[in-house]
1. Would you mind checking LYS105/LYS129; LYS66/LYS129; LYS105/LYS146 for any pair whose Cα atoms are more than 29 angstrom apart?
2. Please list, or write none, the aspartates and glutamates whose alpha carbon is within less than 20 Å of the alpha carbon of LYS176, excluding same-chain residues fewer than 8 places away.
3. Please list, short to long, the whole-number percent of alpha-carbon pairs of the stretch 74-140 in consecutive 10 angstrom bins beginning at zero.
4. For the stretch 122-127, take each phi angle, set θ = phi - 60°, evaluate the Karplus expression 6.51 cos²θ - 1.76 cosθ + 1.60, and give the result in whole Hz per residue in order, putting x for glycine and proline.
5. Which ³J(HN,Hα) values, rounded to whole Hz and listed in residue order, are derived for the stretch 112-121 from phi using the Karplus coefficients 6.51, -1.76 and 1.60 in 6.51 cos²θ - 1.76 cosθ + 1.60 with θ = phi - 60°, glycine and proline given as x?
6. Around GLU147, what is the net charge, scoring Lys/Arg as +1 and Asp/Glu as -1 over all other residues with Cβ under 15 Å from its Cβ?
7. Once amide H atoms are placed 1.01 Å from N in the peptide plane, what residues at a sequence separation of 5 or more from THR115, or on another chain, have their amide H within under 5 Å of its amide H?
8. For VAL148, list long-range residues whose amide hydrogen, built 1.01 Å from N in the peptide plane, is under 5 Å from its own amide hydrogen.
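Values in this text are rule-based calculations from the coordinates and carry no lab data. Just so you know, these numbers come straight off a predicted model, no measurement behind them. Positions of Cβ are backbone-derived with ideal geometry, glycine not excepted, and every protein chain shown enters the neighbour counts.
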Amino acid sequence: MRLIAFSIVVVAGAAWAGMGKAEDKASGAGVKLERLTWSQLQQRLANPRVKYTMIDAWSTTCGPCKENFPHVVEMNRKFGPKGLAVISLSLDDPTDKAAVAEAEKFLKEKNAEFTNVLLDESFGEGFEKLNINGIPAVFLYGPDGKEVKRFTMDDPNNQFTYDEVEKAVAALLGVKS
């Protein structure tokens, strides 16, 4: 009898804990912003458990980045189960506590339930490491960690859209967008 009562308590406790987790997800409580150096981020790109990794480079001071961020969240929801790993890469100044707090707040508001990285390098160095002049910018990497495709705003005559990114991701994964 004690075993049955104990089992009921365990199951009820697990259900109650699960309800809390659902509420946490809805509020963005499970979202975190992790500090990584460029080399640490590159080490994570080689991931044989996923088909492709998408990095969305953004910052809190970039209006178009924030405006398009829901596309990133949607691509994670849509393509994550099909083999896409999503990483948001904040290029905010890691020494600016207000900017870091704003980035964390933004990610929680958007329920960015994937890997969120703050590039822990000297401010501006992310642009050099990524070889870009501006953001937003999106990069697709294969499971070997090598870049497959990039979408940047560097060419004023060829500005990308997140719909184009989604189509490229779908094509790489062999699914409908």
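1. LYS105/LYS146
2. GLU74, ASP163, GLU164, GLU166
3. Cα pair-distance distribution for the stretch 74-140, in percent: 19, 47, 31, 4.
4. Residue by residue, the stretch 122-127 yields 4, 4, x, 5, x, 5 Hz.
5. 6, 7, 8, 6, 10, 10, 9, 5, 8, 9
6. +3
7. VAL86, SER88
8. It is LEU140, TYR141, GLY142, by chain and number.
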